[in-house]
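S.K.: I am attaching a structure below and will ask some questions about it afterwards.
The values are calculated or read from the model by the stated rules, or taken from the named source; none is laboratory data. Remember, predicted model here, so these are calculated numbers, not experimental data. Methodologically, a virtual Cβ is constructed for each residue, glycine included, from the backbone with ideal geometry; neighbour enumeration extends over all protein chains shown. Calculation scope for accessible area: heavy atoms of the full protein, side chains included, ligands and nucleic acids excluded. Shrake-Rupley method; radii C 1.70, N 1.55, O 1.52, S 1.80 Å.
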Amino acid sequence: MKSYDPKKIEKKWQKRWEKEKLFATPSETTREDKYYILPQLPYPSGSGLHVGHAEVYAACDIYARYKRMTGKKVLQVIGWDAFGLPAENYAIKTNVHPRKSTDQAIDMFRRQIQLLGVSVDWSREVGSHNPDYYKWTQWFFLLFYKRGLAYRKKQAVNWCDSCKTVLANEQVTGDGKCERCDTVVEQKEMEQWYLKITDYADRLLEDLDKLDWPEETKKRQKDWIGRSEGAEVQFTVIARSETTKQSRGIAASSASQSPRDDNSITVFTTRPDTLFGSSFMVLAPEHLLVQNLKNKIENWKEVEQYIEQTKLKTDLDRQTQKEKTGVELKGIKAINPANQKEISIFIADYVLATYGFGAIMAVPAHDERDFEFAQKNDLPITQVVSPVIPSEAEGSLRPMCFTGEGVAINSDFINGLTTEKAIEKMNEWLEEENIGKRKIQYRLRDWSISRQRFWGAPIPVLYDEKGELHPIPEEDLPVILPDDVDFKPTGESPLNYSKSFNKGVEKKYGQGWRREPDTLDTFMCSSWYYFRYLDPHNDKAFASPDALKTWMPVDFYLGGPEHVNSHLLYSRFFTKVLFDAGYINFDEPFLVHRHQGMILGEDNHKMSKRWGNAVNPTDVINEFGADTLRAYEMFMGPLEADKPWDTNGVKGVRRFLERVWHLQEKISVAHVMPEKMTRIMHQTIKKATHNIESMRFNTAIAKMMELINEISKENKITPEYYGLLILILSPFAPHMCEEIWQTLGHKKSLALEAWPEYSEELAKDSEITLAVQINGKLRDTLEVSADITETEAKDMAVASEKVKKWLEGKEPKKVIYVKGKLVSIVV
RNA sequence: GGUCCGGUGGUGAAACUGGUAUACACGAGGGACUUAAAAUCCCUUGCCGCAAGGCGUGUGAGUUCGAUUCUCACCCGGACCACCA
């Protein structure tokens, strides 16, 4: 017999699968039959495929092959998230055009993925940098624009001075650095394009309940969206020159005025019950009112200086230096609407311009941040909530900060009410008096989508000679990304300086007209790719209604946990907008979603060039074969767990495959498999089926290893049994299994075979081992027939010699029988 | 600081809805084959103990006939978020 030569076998079968178009997407598909498996869209980086990529493709492919064998019509495609900063940064460094380096990287990725032997429909491959793809990314932008969901706004944005571009909140790391280049991110006032994802905050939150996603992932998205229930409250502002009497007059009339009015400050609070305890107010330094009241602020110089200081502070500074600084706005005061007291107004950078109204009512007795600020600035602290359980608070004369719930005190008409009821009553009062109202506030911000970069999809917008904005007519799409561009970052969009990009624009649209020079965030490209896979060559629509109806939503999506608050959220947003616009009849894209864990280096550190611990999947394939790589990565541990690479483990899996291969020498047609082997075979099929179905590939393989260990003892195997083993192993090691399948005399590919069925009856053990416990300790085991009755089992247990010894003549108080498991004796 | 996830042999890890803890693999030790090595095959392998037996799933308690699994407190590690009013 030939020895196992994966190089030869794998090449042979990969060619044959391709030639026979075995994994082309089935054209005749019903909603019941279809199964859409989606491995996350990779960014084709110049450093080639990572074993982490291989894990994703292997897992999806194993699932795809299994589903096909169970009769499903499977759609599995791979594409490229091809736009993005690294290619452009590389271009700046080496002067190689991003299109060239990206296409090279894609070729390398494709070759490397194909070596894995994945059953992907390559005729549907897409790249987001191709005009026939980004035409539709631009079309999506126009759809958002038409629906009032895309807008321009000048505001402080995250700016990376190294990449010379704006970043979305999601692209700034936890310690305030650029996700791509690690430069500290600054704040910069710029006019940018935004998508109104906040309009969908409530639906994005509520619909999480519909999804089969990891609970932790749903929770993280929930927290990111950050829904808070509370109230908005208006405070009247008065200047020192005005008398108190006059101010009351303003207070009465200003209640009906809009929040933007110079004479009032609107705040959001989750604790309206503490309104009586609000002894000062704090505005974000960027608050509009500060500039509007410039003339009335007596210490303007000081205030202005503080505002300037804040501007210089980076996000990192604001995160690490958390002492509460701030400046009072002298000459103006606010009126607490509950008790009509005059209170001071401050600006301080601990109040964020981007959340709520950019202003707060400070209640130092019941908010730690306000408390700290009040202590620093010697401000009054009025307790208005009393803890139900009086803590050690009494002894100390020092003021305390209590943020929990309790009973309202010093609060007039809500005195004595518990926090929940006090909030309710205060809300009613605010609404009656027209001072405020209930409000739900979200933490989610609108999505900043414009980038002053070259390597992205141009934003399909024109400006006329007056600077008025005009969306590009749909029939003029795509707006082609030009090639004649200088990559050196200037902070201005490189497209401004492209001759071909701007050529003909005036002729076509009018004198003085020009194109929007910014490009779209690459997350726009990856927010809809799973629609394009359905119908990648369609030039009339992003996908045909038919294809959408047949294949969507995605049945299984595998991707990294790092995308929870970006890609996954954006994709859900896109889908909901499409639903609202009537293009689709579902509003969630990914029904089942799982994360793959990270594959670490042999030294338990994250793989990186710097540590020299990176493993190249192609090297592993060359040395051990793709089947070994696939099976090993699945055998390492649970799919979602982080796990270190272990070359000896790879060898172990290769050894397992060799043992399966060498069973060919032990085929015996005349042999009769003993009952025990039949049982183990059916148990293995059962376990493999359930484990693959639930993505527990590691234990599925372990069970097959057990089977092999048993067969080795038997030393002979019938072709039927061998065939069954080959079928259930084939999703993991498809090449080797095809080869053996052919040797067994089959002409057709085993990918076309049905998944073996197991018999519950044959899988059942006839003999079982009962444990016998005395007071919870194992004292004996009994080999008994599986259909033993309760009485028989109990009698046998009590009669056992070992048990008798332990009972020392005592009578059991209680005997418990657990069917098929144990007898527990209590003395 | 908040939230979440985890802690089982020398290592990666199993254990179904509370029921014989450590399946499977790696590593290690021993043996067979070989002039030798590699490869392969067989045996042993949680700890203490000659044995009977005892102890063992981060620590301490609790519930239970019985806890890796449930409850509470604590310790350690990791991930995410981080002044969100």
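S.K.: Given a 1.4 Å probe and the protein chains all in place, what does the accessible area of A:Tyr43 round to, in Å² to the nearest 10?
M.R.: 50
S.K.: How high is the relative contact order of chain A? Use alpha-carbon pairs under 8 Å, at least six apart in sequence, and give a whole percent.
M.R.: Over chain A, the number comes to 14 percent.
S.K.: Where a Cα-Cα gap under 21 Å defines reach, which lysines qualify for A:Lys716, not counting those fewer than 8 residues away within the same chain?
M.R.: A:Lys2, A:Lys666, A:Lys676, A:Lys703
S.K.: Excluding residues on the same chain fewer than 8 positions from A:Lys146, give the lysines whose Cα lies under 18 Å from its Cα.
M.R.: Candidates past the 8-residue exclusion: A:Lys135, A:Lys196, A:Lys576.
S.K.: Still on this structure: Could you sort A:Asp518, A:Asp476 by their accessible area in this structure, using a 1.4 Å probe and putting the largest first?
M.R.: A:Asp476, A:Asp518
S.K.: So what's the stretch A:672-753 giving for Rg/Rh, alpha carbon basis, Kirkwood Rh from the mean inverse pair distance?
M.R.: Value, to two decimals: 0.96.
S.K.: Considering amide H positions built from the backbone, and no H for Pro or chain starts, which residues 5 or more places from A:Ile449, or on another chain, come under 5 Å of its amide H?
M.R.: It is A:Trp193, A:Tyr194, A:Leu195, by chain and number.
S.K.: Given a Förster radius of 51 Å and the C-beta distance between A:Lys313 and A:Asp132 as r, what FRET efficiency does 1/(1 + (r/R0)^6) yield to the nearest 0.05?
M.R.: Here the calculated transfer efficiency is 0.65.
S.K.: Also, quick follow-up: Applying the Karplus parametrisation 6.51 cos²θ - 1.76 cosθ + 1.60 with θ = phi - 60° to the phi angles of the stretch A:520-536, what ³J(HN,Hα) value in whole Hz is obtained for each residue in order, glycine and proline being reported as x?
M.R.: 8, 3, 5, 5, 5, 5, 8, 7, 9, 4, 5, 7, 5, 4, 5, 7, x
S.K.: If the chain between A:Ser668 and A:Lys777 were fully stretched, how many nm would it gain, using 0.36 nm times the residue separation less the Cα-Cα distance?
M.R.: Length gained between A:Ser668 and A:Lys777: 34.6 nm.
S.K.: Starting from the coordinates of the alpha-carbon atoms of the stretch A:632-701, obtain the Kirkwood hydrodynamic radius over all distinct pairs and give the value in Å to one decimal.
M.R.: After inverting the pairwise mean of 1/r, the radius is 14.2 Å.
S.K.: I've got another one for you. Could you compute the FRET efficiency for A:Asn616 and A:Glu767, with r as their C-beta to C-beta distance and R0 at 60 Å, rounded to 0.05?
M.R.: Calculated value: 0.75.
S.K.: Can you tell me the relative contact order of the stretch A:705-827? Whole percent, Cα pairs under 8 Å, sequence separation 6 or more.
M.R.: This gives 19 percent for the stretch A:705-827.
S.K.: Tell me the mean residue ellipticity at 222 nm calculated for chain A from its helices only (DSSP H runs of n ≥ 4, each -39500 (n - 2.57), averaged over every residue, nearest 500).
M.R.: Using -39500 (n - 2.57) per qualifying helix, the result is -11000 deg cm²/dmol.
S.K.: Also: When averaged across all projection directions, what area in nm² does the alpha-carbon convex hull of chain A cover?
M.R.: Computed as one quarter of the Cα hull surface, the answer is 47.9 nm².
S.K.: Moving on. Do any trypsin sites (Lys or Arg not before Pro) in the stretch A:511-568 lie in a DSSP loop with no more than 11 other beta carbon atoms within 10 Å, and if so, which?
M.R.: When the trypsin sites (Lys or Arg not before Pro) of the stretch A:511-568 are filtered for loop state and at most 11 Cβ neighbours within 10 Å, A:Lys540 remain.
S.K.: What residues have an amide H closer than 5 Å to that of A:Ile345, excluding those fewer than 5 places away on the same chain, when H is modeled at 1.01 Å from N in the peptide plane?
M.R.: Long-range HN contacts for A:Ile345: A:Met281, A:Leu329, A:Ala334.
S.K.: Suppose each label sits 7 Å from its Cα in the direction of the beta carbon; what would the A:Lys819-A:Arg227 distance come out to in nanometres?
M.R.: 4.4
S.K.: Continuing with this model, one more query. Taking the radius of gyration and the Kirkwood hydrodynamic radius from Cα positions alone, what is the Rg/Rh ratio for the stretch A:475-563, to two decimal places?
M.R.: Here the Rg-to-Rh quotient is 1.09.
S.K.: Arrange the residues A:Tyr306, A:Tyr90 by how much accessible surface each exposes, largest first, with a 1.4 angstrom probe.
M.R.: The ordering from most to least exposed comes out as A:Tyr90, A:Tyr306.
S.K.: Count neighbours as other Cβ atoms within 10 Å of each site's Cβ, and list the trypsin sites (Lys or Arg not before Pro) in the stretch A:1-103 that are DSSP loop with at most 11 such neighbours.
M.R.: Here the trypsin sites (Lys or Arg not before Pro) that fit, given the DSSP loop and packing criteria, are A:Lys2, A:Lys21, A:Arg31.
S.K.: To two decimal places, what compactness ratio does the stretch A:709-755 give when its Cα radius of gyration is scaled by 2.2 N^0.38 Å?
M.R.: My calculation over the Cα atoms of the stretch A:709-755 gives 1.14.
S.K.: Suppose the Debye formula is applied to equal point scatterers at every Cα of the stretch A:596-670; what is log10 I(q)/I(0) at q = 0.26 Å⁻¹?
M.R.: -1.25
S.K.: Considering Cα pairs under 8 angstrom that are at least six residues apart, work out the relative contact order of the stretch A:425-507 and quote it in whole percent.
M.R.: Reported relative contact order: 22 percent.
S.K.: Principal axis lengths of the stretch A:775-827 from Cα atoms, whole Å, largest first?
M.R.: Extents along the principal axes, in whole Å: 30, 19, 18.
S.K.: Out of the total accessible area of chain A (probe 1.4 Å, heavy atoms of protein only), what percent is carbon and sulfur?
M.R.: 49
S.K.: Okay, next question. Determine the per residue accessible area of chain A with all protein chains present and a 1.4 angstrom probe, expressed in square angstrom.
M.R.: For chain A, the solvent-accessible area averages 46 Å² per residue.
S.K.: I need the phi-derived Karplus couplings for the stretch A:102-113: 6.51 cos²θ - 1.76 cosθ + 1.60, θ = phi - 60°, integer Hz, Gly and Pro marked x.
M.R.: Values per residue, Gly and Pro as x: 5, 5, 5, 4, 5, 4, 5, 4, 4, 4, 5, 5 Hz.
S.K.: Treat every Asp and Glu Cβ in chain A as -1 and every Lys and Arg Cβ as +1, leave all other atoms uncharged, and give the resulting dipole magnitude about the Cα centre to the nearest 20 debye.
M.R.: Dipole magnitude for chain A comes out near 1520 debye.
S.K.: Return the Rg/Rh value of the stretch A:563-714, two decimal places, where both radii are evaluated on C-alpha atoms and Rh is the Kirkwood radius.
M.R.: Ratio of gyration radius to Kirkwood radius for the stretch A:563-714: 1.12.
S.K.: Take A:Thr490 and A:Lys437, extend 7 Å from each Cα along the Cα→Cβ direction, and tell me the distance between the two endpoints in nm.
M.R.: Result: 4.9 nm between the two label points.
S.K.: Fully extended, how many nm does the chain gain between A:Lys15 and A:Lys2 (0.36 nm per residue separation, minus their Cα-Cα distance)?
M.R.: Contour length minus Cα-Cα distance gives 2.6 nm.
S.K.: How high is the FRET efficiency between A:Glu693 and A:Tyr355 when r is their beta carbon distance and R₀ equals 45 Å, given to the nearest 0.05?
M.R.: With R0 = 45 Å, the Cβ-Cβ based efficiency is 0.55.
S.K.: How do the peptides A:625-631, A:447-453 rank, highest first, by the average count of neighbouring beta carbon atoms within 10 Å per residue?
M.R.: In descending order of packing, they fall as A:625-631, A:447-453.
S.K.: At a probe size of 1.4 Å, how large is the accessible area of A:Thr236, to the nearest 10 Å²?
M.R.: 10
S.K.: Moving on. How large is log10 of I(q)/I(0) for the stretch A:723-779 at q = 0.14, 0.17 Å⁻¹ when the intensity is taken from the Debye formula with one equal scatterer per alpha-carbon?
M.R.: -0.55, -0.64
S.K.: From the phi of every residue in the stretch A:359-364, what ³J(HN,Hα) in whole Hz does the Karplus formula 6.51 cos²θ - 1.76 cosθ + 1.60 yield, where θ is phi - 60° and glycine or proline is x?
M.R.: 8, 10, 8, 8, 10, x
S.K.: Another one. Can you tally the net charge around A:Ile717? Count Lys and Arg as +1, Asp and Glu as -1, for every other residue whose Cβ sits under 13 Å from the Cβ of A:Ile717.
M.R.: Spelling it out: positives minus negatives among the neighbours equals 0.
S.K.: Looking only at the stretch A:62-89, which residues have a backbone nitrogen under 15 Å from a spot 7 Å from the Cα of A:Phe586 in the C-beta direction?
M.R.: Under cut-off, by backbone N: A:73-76.
S.K.: Turning to a different aspect of this structure: For the stretch A:1-149, go through all pairs of different Cα atoms, get the mean of 1/r, take its inverse, and jot down that Kirkwood value in Å.
M.R.: 17.6
S.K.: Take A:Asp107 and A:Arg514, extend 7 Å from each Cα along the Cα→Cβ direction, and tell me the distance between the two endpoints in nm.
M.R.: Between A:Asp107 and A:Arg514, the simple spin-label model gives 3.8 nm.
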